[in-house]
Amino acid sequence: MSCESARLHGRVALVTGAAGGLGASFALRLAQEGADVVLVDVRPCDEVAERLAALEVRTLAATADVSDEQAVAELAARVTSRFGRCDILVNNAGFGRVERFEEITLQSWRELMAVNLEGPFLMSRALVGEMRARGWGRIVNIASNTFGMGLPIGFTHYIASKGGVIGLTRALASEFGAHGITVNAISPGLTRTPSTTRKMSEQFERDRVKQAIPRTGEPEDLVGMLAYLVSDDASFVTGQTFNVDGGLVRG
Ligand SMILES: NC(=O)c1ccc[n+]([C@@H]2O[C@H](COP(=O)([O-])OP(=O)(O)OC[C@H]3O[C@@H](n4cnc5c(N)ncnc54)[C@H](O)[C@@H]3O)[C@@H](O)[C@H]2O)c1
């Protein structure tokens, strides 16, 4: 239950891809920390919104495609009109596809970039002005530890998009560092969510044995890092990418 001593009491957070998987867990943790939460997804977020309502924070469940410039602009206006502000943005919406490099069509490449890379660009551009005006903001981009791994599994477009997300993170951190806005990325390892396939799990099990990491990740393994990065404790941490993957990727 939210109370005034909660770490994020009075903050408004927006999480994309919040209808399930990691996004739902991120939203739940932010609400537990006392933030009002805007849930954004192409799928309905009502179930997650109901869970948050029990925490006595304000919520808004919005259906929007983060790769649609007009939809993102309308969403930002709706958030400002409802809450008057947005302090925390979690760019989590994204997806992967396993396709051998030579079989990746331009259309498939663009679809992936549109959601995984243009989505964070559009969402950040729409909301960062509000943060700058208040002199406080947190942007956390969800990348992937595959960027730091040598995985020959047909993930080129996905890895390239997540590399772009890490570049976006660094550039935004530089551009807005003087305005009280931090921008960081979390790179999860393979984490059990509806989108993780059996094939990926098998691949992971082979790597796990090879690399001696403890176990497959659960969404709950990621939420503590997010809670830290959006808190006042992390005000001097920006432009960084944190692998949260049991130690598979180091450095
Ligand atoms: N689960 C993992 O093992 C893992 C590992 C590394 C990185 N990630 C990253 O974490 C993020 C979340 O992954 P997940 O496993 O929870 O996936 P998921 O498929 O369970 O959830 C992603 C959510 O994003 C939504 N979404 C997709 N396209 C969208 C769009 N255009 N606009 C708005 N919402 C959209 C989906 O409807 C879905 O609810 C992704 O960016 C993913 O690349 C996941």
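Please treat every number below as a calculation from the coordinates, not as lab data. All figures in this text were calculated on a predicted structure; none of them were measured in a lab. Because the Cβ atoms are built from the backbone with ideal geometry, glycine has one as well, and the counts that use them run over all protein chains shown.
Below are the figures for this structure:
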quantity	calculated
Length released on extending from residue 174 to residue 78, taking residue separation times 0.36 nm less the Cα-Cα span	31.7 nm
Residues whose placed amide H lies under 5 Å from that of residue 139, excluding near-sequence neighbours	89, 182, 183, 184
Debye-sum result for the chain in log10 I(q)/I(0), which assumes one identical scatterer on each alpha carbon, at q = 0.07, 0.14 Å⁻¹	-0.22, -0.90
25 °C / 0.890 mPa s Stokes-Einstein diffusion coefficient of segment 58-160, Kirkwood radius on C-alpha pairs, µm²/s	162
Cβ-based charge dipole, segment 1-151, positive-most Cα from 62, 119, 90	90
Per residue convex hull volume, Cα atoms of segment 1-92, in Å³	76
Globularity ratio of segment 121-180, using Cα Rg and 2.2 N^0.38 Å	1.35
Selected from 72, 106, 20, residue furthest toward positive end of dipole (the chain; charges at beta carbon)	106
Given 13 as the ceiling on other Cβ atoms within 10 Å, longest exposed-site-free region of the chain for chymotrypsin sites (Phe, Trp or Tyr not before Pro) in DSSP loops	96-235
Sum of -39500 (n - 2.57) over DSSP H runs of 4+, divided by residues of the chain (222 nm, nearest 500)	-13000 deg cm²/dmol
Hydrodynamic radius (Kirkwood) for segment 83-136, which is based on Cα pairs only, to one decimal in Å	13.1
Within the chain, percent of DSSP bridges classed antiparallel, to nearest 5	0
Cα-derived Rg to Rh of segment 145-194, Kirkwood definition	1.08
³J(HN,Hα) computed for each position of segment 160-167 - Karplus, 6.51 cos²θ - 1.76 cosθ + 1.60, integer Hz, glycine/proline x	4, 5, 6, x, x, 5, 5, x
Length-normalised contact order of the chain in % [C-alpha pairs under 8 Å, at least 6 apart]	18
Net dipole in debye of the chain [+1 Lys, Arg Cβ; -1 Asp, Glu Cβ; about Cα centre; nearest 20]	440
Virtual paramagnetic centre 7 Å along Cα→Cβ of residue 236, amide N under 19 Å, in segment 120-157	136-138
